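Asker: Please see the structure below; I have some questions.
Values in this text are rule-based calculations from the coordinates and carry no lab data. Treat the numbers as computed from the prediction; the structure is a model and nothing was measured. Because the Cβ atoms are built from the backbone with ideal geometry, glycine has one as well, and the counts that use them run over all protein chains shown.
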Amino acid sequence: MEIYKIINNLLEAVSFNDFIKSKEEHYWIIAEPDEILNHNDFFRFHKSTVAECTNAKQHPRLEVYDDVSFGVINIINHIENWFEAKEINFYITHNYLIFVTRGKNKLIEQIKNEIKENFKDSSNYNINESKILYMLLDRLTSMDNIILKKIESSIASLEEQVISGVNQDFTVEIIKLRKQLLYLKRYYEPLIDISEDLEENENGLIDEGAIRYFTILINRIQRLNHNVINLRDYVTQVREAYQAQVDIKLNKTMKFYTVITTIFLPLTLIAGWYGMNFTYMPELDWIYGYPFVMGLSLTVVAVCLYYFKRHNYL
């Protein structure tokens, strides 16, 4: 468990014993789920929230109590055209903020280093629990515009290949893009709800000076979510264009086989006619009977080919 006293924009590491002796100081705590469970005699958090800390893969949300707010959020990493999610839980009270994470978290370490390096001499930005929580939520989406631009470029490239008539099955790529965008949509919507609940500040635990930051955050996430919806529509249009190309190719194939079938219908009639072998069928004993039927068949094929070629069926 890491415990930092927040004083004059500085983070001062302290022990758990020093923390429990203080009543009025402000703290930022980074803890493992087991550490929250073992020290809950002091924290007195609701048992259901502690159980959720120890059980990963909870649905992102915010639970507001009179003297504490408990949240579940996911941090996603974009890895090889897919997303990997890691869960973080947090508690915020009137004088301390706890991040509950499993092992070292890269994003939390970045925030810690940023506070130590950039805010120690700042007089315009006072670090407190609310602003550290905002910094975490802010960095969850700070690079997402780049991710969405990459997805948009992938969709545009796919569209060009579809329109150019590349003979390739794009179904798997289209499904993968739709799944990525659905994943992001399901990621942003709970994040908007959490940010709105924090902005509402029902239990008064969020610093009034930080409320406007959460308002800015909500607007950004809503824009990202709107971009995701637009990209899903774009993928749908590409899928429809691809389906149209598939239908066109299928129609061409069916037209070809229809023409072939039509050409052979008269030949089938001729073969059936002379294959009846009636006793008084003069062509059967005619010396030129075979050349006649061959010439008739070739003439029928030539006439059919000429007709279909002239009317652009071939």
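Asker: Only one of these is touching a strand residue (DSSP E or B) at 6+ places or on another chain (Cβ under 6 Å) and surrounded by 13 or more Cβ atoms within 10 Å (Cβ to Cβ): Ile194, Ile155, Ile174, Ile151. Name it.
Answerer: On the way: Ile155 fails: touching a strand residue (DSSP E or B) at 6+ places or on another chain (Cβ under 6 Å); Ile174 fails: touching a strand residue (DSSP E or B) at 6+ places or on another chain (Cβ under 6 Å); Ile151 fails: touching a strand residue (DSSP E or B) at 6+ places or on another chain (Cβ under 6 Å).
Result: Ile194 is the single residue among Ile194, Ile155, Ile174, Ile151 that is touching a strand residue (DSSP E or B) at 6+ places or on another chain (Cβ under 6 Å) and surrounded by 13 or more Cβ atoms within 10 Å (Cβ to Cβ).
Asker: Against the condition free of Cβ contacts under 8 Å to residues at least 40 places away in the same chain, surrounded by 15 or more Cβ atoms within 10 Å (Cβ to Cβ) and of a type outside the set (Lys, Arg), how does Asn230 come out, does it pass?
Answerer: Numbers: free of Cβ contacts under 8 Å to residues at least 40 places away in the same chain: yes; surrounded by 15 or more Cβ atoms within 10 Å (Cβ to Cβ): no; of a type outside the set (Lys, Arg): yes.
So Asn230 fails the test.
Asker: If a residue has to be touching a residue at least 24 places away in the same chain (Cβ under 8 Å) and within 60 Å of the chain's Cα centre (by Cα) to count, how many in segment 265-309 make the cut? Write out each step before concluding.
Answerer: Of segment 265-309, the ones touching a residue at least 24 places away in the same chain (Cβ under 8 Å) are 266-267, 270, 296-297, 300-301, 304-305, 308.
Keeping just the survivors that are within 60 Å of the chain's Cα centre (by Cα) gives 266-267, 300-301, 304-305, 308.
Selection size over segment 265-309: 7.
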